[in-house]
Amino acid sequence: MTEAIEGVALLIIIVTTLVSYQGFKSPAFFDRYAFEVDPILIGREYGRLVSAGLLHANWLHLIFNMATLFAFSYGVGFVLGIRYFVLLYVVSLVAGNLLALYIHRNHGDYSAIGASGAVSGVLFASIVLFPDAIITFPFLPFEMPSWLFGLVYMLVSLYGIKMQAGNIGHEAHVGGAIAGILSAICLEPAIVERHPLVVAALIVPFVLFMVLLVKRPEVLWIENYWGFSPKPKASAHLHDERVLDELLEKVSRTGLDSLSKKEREKLEELSKTLK
């Protein structure tokens, strides 16, 4: 069993490395299979939701993701079995990219690559399966229980989505993490009974953030605003201007027909109010 799990993890690593290397060599290949909003939503190239997980920005990006995958694959694979381990990996990859697609659905030029969503899924499945395991950090003189690491990771990633911190796909991290948690729960329901507080601590911040995101999407557009106590005049005006700019940019790229009915109504409304 141990050798089989490690073999599957190594196979994923080898395939990902070979595809990533091809992407390093060929910009055309890289662009053809990377996660890009317009080709997915307009061109219906849904395969990019998976192929982007086989590409990486550089060797450091690739090595970090694959090392993390290998470190946490054994425990998850041992409990869930090889078939469900692979299923969890793919589901987490797609879920991470779907969350990024939802958040950036109006940002046609947004692109991303990497297996971070899938790796986060494996990592968080491991955390809910083994919340008391100790996680150590290379070159750092401290360690922490996996449940605490998971909570910190989730909160930092949610904050990173809001602040667009660094050149990091926080959306994929969070989407993959939640998919990993839910997949592990579906396959091992006893997790909820054994570790209810851990599961709640990891899922509740995500649920609250998604409710806020759906109810107050301007939370991602207005600086220093989390949706609770906006400055009515200044914040609303800034939000309207940004929405109008995004709609006009979309029209210039793909034409007026690419707008949905709601987007057209919003464009007409903002064109009148911001004259």
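The values are calculated or read from the model by the stated rules, or taken from the named source; none is laboratory data. Since the model is a prediction, treat every value here as computed from it, not as a measurement. Neighbour counts run over all protein chains shown; Cβ positions are idealised from the backbone, glycine included.
General observations
- Residue match in the range 93-103 (condition: of a type in the set (Ser, Thr, Tyr) and buried (at least 18 other Cβ atoms within 10 Å of the Cβ)): no
- Of all residues in the range 150-180, those that are modelled with pLDDT of 85 or more, touching a Leu at 6+ places or on another chain (Cβ under 7 Å) and of a type outside the set (Gly, Ala, Ser) total 4.
- Residues that are over 20 Å from the mean Cα position of the chain (by Cα) and touching a residue at least 40 places away in the same chain (Cβ under 8 Å) were ranked within the range 6-20; the one that is surrounded by the most Cβ atoms within 10 Å (Cβ to Cβ) is ALA9.
- Here PHE30 does not qualify as more than 26 Å from TYR102 (Cα to Cα) and touching a residue at least 40 places away in the same chain (Cβ under 8 Å).
- Condition check for LYS275 on (1) basic (Lys, Arg); (2) farther than 30 Å from PHE130 by Cβ; (3) over 20 Å from the mean Cα position of the chain (by Cα); (4) at pLDDT 75 or above: one failure, at (4).
- All of (1) over 19 Å from the mean Cα position of the chain (by Cα); (2) touching a residue at least 24 places away in the same chain (Cβ under 8 Å); (3) not in a helix (DSSP H, G or I) hold for MET144 with one exception: (2).
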